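Working notes for the structure below.
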Amino acid sequence: MGIKAALPKYEIYSYYVMLCLAVFWATSWIFEVSNSNINRKAFKTSVKPSYFGRKMDTSDFEWMMWFSTFRAHILFALSGHVLFAKICSMLAPQYRSLVYMVYGVLAVWTSMGWTYVTLILSHCILLYSISLVKIRWLCFVTGLCTLATFKCEPFLSWEAGFVQGDFELRHVLFYGGCGFTIMRCMSFALENCEKKDGNYNILELLKYNFYLPFFYFGPIMTFDKFYVQVNRSDLTRKDGELWNISLHGLIHLGVVIVVDVLFHFMYILTIPTDMKLLKHLSDWALVGLAYFNLVYDWVKAAVMFGVITTVAKLDHMDPPKPPKCITMLYMFAETHFDRGIHEWLCKYVYDYLGGKHENVLEELVATLCTYGITILWLGPCEVVLFWAFFNCFGLNFELWTTKFFSMEPFVSLEMAMSEATSRRIRAVFNTFNFWCIVLYNTVALNSLDFSKLVAKRLLLKGFPITTILVMFVTYCLVQVIKERERKQALIDDPDPLPPAPPLNAAAAPPASATTTPAAQPAAEPNKEKAE
């Protein structure tokens, strides 16, 4: 049935009420656990004194790095970029891409040293040289082999020696800058292979790679999009565009403040690391922890990328959008936490190999290659391998299920029922899919032991009461998501209005008054059916 299938309003409102009550109930459990274990010995390393006379959960290094420890350094570098970019856009807009590159090189040089810049340039020159051959598979092999050197010894130690100084953040900047550089260079090489006449200049690659807002932390914008946007001559803004950019910046600031406050009252990141404590928690507290950890990871990605993309929008760029929230997901095909990497993989691997994603064998090859590259990007280890296997299986299982239920007698059964009933039945299946997504991704975000404990409580120890209640609440969530998708579909593709009657229809005399039955033309059945 179509995405525009509607349910009664009272039913949708009841789903909203049940969902809100469940979220508040799970939150109260987590707040109680955090409050009663604030001085727990296992929490000493990650729960530290802070504002409000309370202790704060500081276990997420990335969040603390961005918005606490190195906040001033990051803001200083990005503010300098905005200032020089604005001056250049006013005085010499045709050279703005060159100014971006020069400022980026100087910023990287200042923070990491000239030897690190030399290392980055060597990778750029290597992949640029390979791209001149215009052999797609050779560009891929070279790029992946280069990426692998940052994941295995002795190459890793040798390349890490190019970093100078004792700057505390240098290890994070080293891996971020090198990893994103390789992915950007591969995008450039693959786009150069597709270029029909001649080759792109190596200066375009350097402009692309040393654009400072994207250099260390991403997101990745494919070269074809970056090249068009950074060389655009028309720098006029739409009405209200600058206001929207400022509003998004303020929203990100507000989210940072809200998350910081919540970290003083809910230790959602520290609690999953204490297995002894987890075994004594209620089922609702465990389920809430798994869900909130995924929501937090999305919030973190959305805010960190949001800060960077706000700067990029000031440069008249159209950067990748924030990732889709886990609260709005129930399909593996839409699951991602970094839209830049997601678009990169889809463009060059998944869609390229999978075609229309209708053939089972092609889909299997496409997903295996996609997750193979993802494993290399994240770094091969036990947790990443488990995460990749489960998500790859989930993505393929969705296609197998779709193929199976597209056969008879299922098609005839669905056609015989109403659209609302079909939507409810599909939501039941999506409910189980949602929890597969949650459990599979908590493997990477928390640990395999935490995922196993949540699954055991949800499906075995908590059966049937916890299982039924949680699945019913999840069913309400899926219906809320589907309702949002329905409204968006009506906006994007509104239903056509019925044709208006002709203006002279009311004034025309009835046919029976002017024409005898014998003189009336015979009805054309095909024309009548078409009308």
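The values are calculated or read from the model by the stated rules, or taken from the named source; none is laboratory data. In this text the structure is predicted, and so the values were computed from the model without any measurement. Neighbour counts run over all protein chains shown; Cβ positions are idealised from the backbone, glycine included. These area figures cover heavy atoms from the full protein model, side chains too; ligands, DNA and RNA do not enter into them. Shrake-Rupley method; radii C 1.70, N 1.55, O 1.52, S 1.80 Å.
Restricting P320, P380 to those that are touching a residue at least 12 places away in the same chain (Cβ under 8 Å) and in the same structural domain as D449 (by the TED database) reduces the list to P320.
Okay, residues lined up against (1) aromatic (F, W, Y); (2) touching a residue at least 40 places away in the same chain (Cβ under 8 Å); (3) assigned by the TED database to the domain that holds S46:
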| site | (1), (2), (3) |
| --- | --- |
| V259 | no, yes, yes |
| F263 | yes, yes, yes |
| M266 | no, yes, yes |
| T270 | no, yes, yes |
| M275 | no, yes, yes |
| V287 | no, yes, yes |
| A290 | no, yes, yes |
| V295 | no, no, yes |
| K300 | no, yes, yes |
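Could you check, for the range 39-49, whether at least one of its residues is in contact with a His (Cβ under 9 Å, 6 or more places away or on another chain) and open to solvent by less than 30 Å² (accessible area, probe 1.4 Å)? Scanning the range 39-49, I find no residue that is in contact with a His (Cβ under 9 Å, 6 or more places away or on another chain) and open to solvent by less than 30 Å² (accessible area, probe 1.4 Å), so the answer is no.
Residues that are under 22 Å from L250 (Cα atoms), basic (K, R), open to solvent by 60 Å² or more (accessible area, probe 1.4 Å) and modelled with pLDDT under 90 do not occur anywhere in the range 340-363. In the condition set (1) of a type in the set (V, I, T); (2) within 30 Å of Y227 (Cβ to Cβ); (3) in contact with a helix residue (DSSP H, G or I) (Cβ under 6 Å, 6 or more places away or on another chain), I87 is compliant with all but (3). Quick check on the range 10-25. Is at least one of its residues in a loop (DSSP other than H, G, I, E, B) and in contact with a helix residue (DSSP H, G or I) (Cβ under 8 Å, 6 or more places away or on another chain)? Taking every residue of the range 10-25 in turn, none turns out to be in a loop (DSSP other than H, G, I, E, B) and in contact with a helix residue (DSSP H, G or I) (Cβ under 8 Å, 6 or more places away or on another chain). Restricting the range 446-465 to residues that are buried (at least 19 other Cβ atoms within 10 Å of the Cβ) and part of a helix (DSSP H, G or I) leaves a set whose member that is nearest to the chain's Cα centre (by Cα) is S451.
Residues in the range 171-204 that are aliphatic (A, V, I, L, M), farther than 25 Å from I74 by Cβ and in contact with a helix residue (DSSP H, G or I) (Cβ under 6 Å, 6 or more places away or on another chain): M186, A189, L190, I202.
Restricting the range 143-163 to residues that are in contact (Cβ under 8 Å) with a residue 40 or more places away in the chain and within 30 Å of K196 (Cβ to Cβ), the residue that is surrounded by the most Cβ atoms within 10 Å (Cβ to Cβ) is G143. Of the residues making up the range 52-71, those that are under 11 Å from D260 (Cβ atoms), in contact with a Lys or Arg (Cβ under 8 Å, 6 or more places away or on another chain) and either of a type outside the set (V, I, T) or open to solvent by 40 Å² or more (accessible area, probe 1.4 Å) (or both) number 2.
From the list L212, L247, L242, L253, the one residue that fits, being touching a residue at least 24 places away in the same chain (Cβ under 8 Å) and closer than 29 Å to H73 by Cβ, is L212.
For the range 233-259, a residue qualifies if it is in contact with a helix residue (DSSP H, G or I) (Cβ under 7 Å, 6 or more places away or on another chain) and surrounded by 12 or more Cβ atoms within 10 Å (Cβ to Cβ), and the qualifying residues are I245, H248, G249, H252, V255, V256, V259. State yes or no: is V428 open to solvent by less than 60 Å² (accessible area, probe 1.4 Å), among the β-branched types (V, I, T) and out of contact with any Pro (no Cβ under 9 Å at 6 or more places or on another chain)? Criteria not met by V428.
Can we say L329 is aliphatic (A, V, I, L, M) and open to solvent by less than 40 Å² (accessible area, probe 1.4 Å)? So L329 fits the description; yes.
Do we find a residue being within 30 Å of R54 (Cβ to Cβ) and assigned by the TED database to the domain that holds C88 anywhere in the range 216-228? Yes: the range 216-228 contains one or more residues that are within 30 Å of R54 (Cβ to Cβ) and assigned by the TED database to the domain that holds C88.
Of the residues examined, A92 is not one that is over 30 Å from F472 (Cβ atoms), outside the structural domain of K276 (by the TED database) and buried (at least 18 other Cβ atoms within 10 Å of the Cβ). Within the range 164-177, can one find any residue that is among the small types (G, A, S) and touching a residue at least 60 places away in the same chain (Cβ under 8 Å)? The answer is yes; a qualifying residue exists. Just one of the listed residues (I437, I468, I481) is assigned by the TED database to the domain that holds H280 and either small (G, A, S) or open to solvent by 30 Å² or more (accessible area, probe 1.4 Å) (or both), namely I468.
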